[in-house]
Every structure is written in C-alpha cells, then in structure tokens.
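The values are calculated or read from the model by the stated rules, or taken from the named source; none is laboratory data. None of these values were measured; they are calculated from a predicted model. All Cβ positions, even for glycine, are placed from backbone atoms using ideal geometry, and neighbour counts span all protein chains on display. Note: areas computed on protein heavy atoms with side chains; ligands, DNA, RNA excluded. Shrake-Rupley method; radii C 1.70, N 1.55, O 1.52, S 1.80 Å.
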Amino acid sequence: MNAISMAAEMAVNTLSHTPHSHPQKAEKESLLEMMENIVKATDLAVVVLNDVLDMQKLQSGSFQFTRRPFQLIEAHQQVFRVMQYQLSQKHIQFSLNVDESLGNLIVVGDSNRFKQVLQNILSNACKFSPYDSQIDVSVSNLRQSTDSVRIRTSVADRGKGIDESERHKVFRPWGQLQAGEQLGIGSGLGLALSKDFVEKGFGGVLDFSSTPNGTTFYFEIDFPLVEDQSISDERANNSNSSLQELLPVRLENELNSMRLPECETVIHVDVVVVDDGAMNRILLVRMLQSLGVTCETYENGKQAFDDLTGANGRFVRCRLVLMDKEMPVMDGYAATQALRQNHFFRGHIIGITGNALDSQISEFLSIGVEEVITKPVKKERISRLLYQYGLTKQHV
C-alpha cells in the first residue's frame, strides 16, 4: 500500500510537470486523472483502515494514550500549517484568535491525539464550507491554577449548518450526514474518534452548536502543567514565529563545531534514508530530490550506523535521518539507540513505520526519535519535515 501510494503520487507529480505535446495531450491528461484517482483511493483506504483500528482499540479498552510535555499553541500551529493546502483549494480564509495568557504554556498529554482531534474538526469544517468562505478558530483559557489549565478550542464554519433531525448522527460511528453522503466524503469515523479521544483520553468534552448560517465545534480539556515552565527554551519563546524561525540553532552550531572522526572519506548530505524496502528507498529518494535536497540510502540500521559514526573509515554527516522501524541485521529501534549514544552523531531522527499501533509509536519515540510518521509517506509530509528542520526555504 505504501509503495503504491508513493509511486502513484510521484507519477502524478511527474506528469503534471511534463510539457504536453499536442498529439499526446489527451492521453496524458487521461493518465494523469487516473493516477490522481489512485492516490485519492489509497489515501482514503489508509485513513479508513487507521480509523477502524483506532476505533477497535478504543472499544476494547486497549488504546494507549501517551503523556509527554508539549507546547499547547505550537501544537495548534502545526495543525494549521498542515491544513493550509486543503483550505486553499476552496479559497477559504482562516482566522485564529489565541488567548494571550496561554502564551508559551507547556502541558502534559498525548500531543498526537490532540492534533488528530483538531485536524479532524478542521478538515470537517473545510469539507462542508462553501468556496470563498471563512473558518474561525479560537483558543481560550477557561481556568488556570498552579498545576493545571482548562482550555477551549472552537472551530466555526460558514456552512449550511446541521439539521436538528441529523444531530444524533454527528458523533455516531459510520454515521454520515445527508450532505456528506451526497458529496461522497469521509469515512464516518473522524468525529466519533475525536469525541472518544477527547472524552475517554483527555477527560474533556466535545460538542457542537449549529444554525442555518454555520456550525461551531468546540472541545474543552484540562491539562496538567509542566512544573518547570522554563524548559520552553527558544522554541517556546518563539511560539508565534514561523516554522522556519524555529530552526534548531543549537544543533546547527554543534554540527559546525563538532570533532569529526578520523576517516579517509567524509561526505555531506542533507538526508539519510534507512529502509530495507528497495522500492521505498527509490521512491523516497525521488521525492527528496524533487524537493531539492541531497541524500544517501541504506538498507539496514547497521550500515547507516557505521557511516553516520565513521566506524569503517567513511563518515556521512547529515541533518536528518528517515529511519524505518522493521529491518534485518539492525532494526530502527536498535539503530536509533546506538546513534543517540554515539558522540559523533548530532542529527535529527524521524521514525517511519507501517504500524499505526500507539504502543509501537510510543516506544519509537521513547528511544530517541523526534517524530514518527506512518506509511504511506506523503510528499507534503516530507516537505513539511524538511522545512521544519531547516533544509528547505519553503514548504511546498
């Protein structure tokens, strides 16, 4: 599924940028349309499968929520950046109003599920909003003490509203409103999952209000506060900055000043790809090269570790490692742990996995990767990572 989706997306990108000669124009346009449909179909299949897995785990009580510090407003901003493209497709204006008292606040909770809830609600608002309309988001501080804060995030669209007769369908698994069925969009699980995440995972509340002029979804959550808010450092102090301004300056200085191992060959690349799947490596390299970065590839963690630490007389310096989890010889877990313990490696590591289980993702995060992305890997996601870690000047 991952290789199919990635190959189809790369074919679409290639065809869309290939000059059309007149005799072949119709054939190319037909092929491009078919490839775009493949991308959409595989993307929807992956979303539905992941939603089904999450719903089953929630219903069985086996779903695991993580508790890690994260910056509240930055989490909102990350979702808004992801949604920019979808909003621009319908020329929807976007407004954000954040309570100043939330500032650089660092809370404890499952940031990935928090962002999933917000993205589900924003995506839903976008789907049912007319073209050239507006979506308003506000983040409020309802109550704050020395050790906790209760926040309210609301998302208001300018759609036709939800009829009272369909209100019972909104948070029901597989329940789609009449408008959604007519448009053929969504799996019918997004809002049901979001409600369970908010209420079962965070102990909060998720609800909505609606009029013929639009619908407002809102959720309220109590978060524990990190005891020492001074750990916010330069990322928190610049929570309203653009993503490019949140570059890891400290890492950049370390890379420039660090002592290098004594090796005959030293190679500088932007990204290292570690994946035992030959097709995955090929597609990731093409994706990265199309975004203007240089890369080196390895088929297992041992090969990557040796070159990234100069163990065999060849030293590869890079800013970012895309590390697959399941590999022979040395898997992604072992390779990440070994790299973090070696003083010659100072890069970022992003975990890649086809396993969407929360326990697996949490374990990957616990051993030293900054983020985990699940397959199929999309170009937009890679573009955002490159921009986030300072390897490109703009997010494509």
Separation between the residue 101 and residue 366 pseudo-spin-labels, each 7 Å from Cα along Cα→Cβ, expressed in nm?
3.6
Cα-based Rg and Dmax for segment 344-384, where Dmax is the largest Cα-Cα distance (Å):
11.0, 32
Would you mind computing, in nm to one decimal, how far apart the modelled labels at residue 147 and residue 381 are, each placed 7 Å from Cα along Cα→Cβ?
3.7
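What do you get for Rg/Rh of segment 87-175 when both radii come from the Cα atoms and Rh is the Kirkwood radius?
Looking at segment 87-175, the ratio lands at 1.02.
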Residue 353 neighbourhood, Cβ < 9 Å, K/R = +1, D/E = -1, net charge 0
Where the eigenvalues come from the Cα gyration tensor of segment 94-133, what are the semi-axes √(5λ) of the equivalent ellipsoid, largest first, in whole Å?
25, 16, 5
Given the pairs 127/325; 57/393; 115/169; 160/195, which span a C-alpha to C-alpha distance of over 28 angstrom in this model?
127/325; 57/393
How much length is gained if the chain between residue 262 and residue 108 is pulled fully straight, taking 0.36 nm per residue apart and subtracting their Cα-Cα distance, in nm to one decimal?
51.2 nm
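Evaluate E = 1/(1 + (r/R0)^6) for residue 344 and residue 90, where r is the Cβ-Cβ distance and R0 equals 51 Å; express this FRET efficiency to the nearest 0.05.
Details: r = 48 Å, r/R0 = 0.95.
E between residue 344 and residue 90, to the nearest 0.05, is 0.60.
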For segment 63-126, the percent of all C-alpha pairs falling in each 5 Å bin, from 0 up to the bin holding the max distance, is 4, 15, 25, 22, 17, 11, 5, 1
For residue 148, residues with placed amide H under 5 Å, excluding near neighbours
225
Förster-model FRET efficiency, 51 Å R0, residue 131 and residue 326, C-beta, rounded to 0.05:
0.75
Rounded to the nearest 10 Å², the accessible area of residue 327 using a 1.4 Å probe with every protein chain kept is 20
How big is the Rg/Rh ratio for segment 286-396, C-alpha atoms only, Rh by Kirkwood, two decimals?
0.95
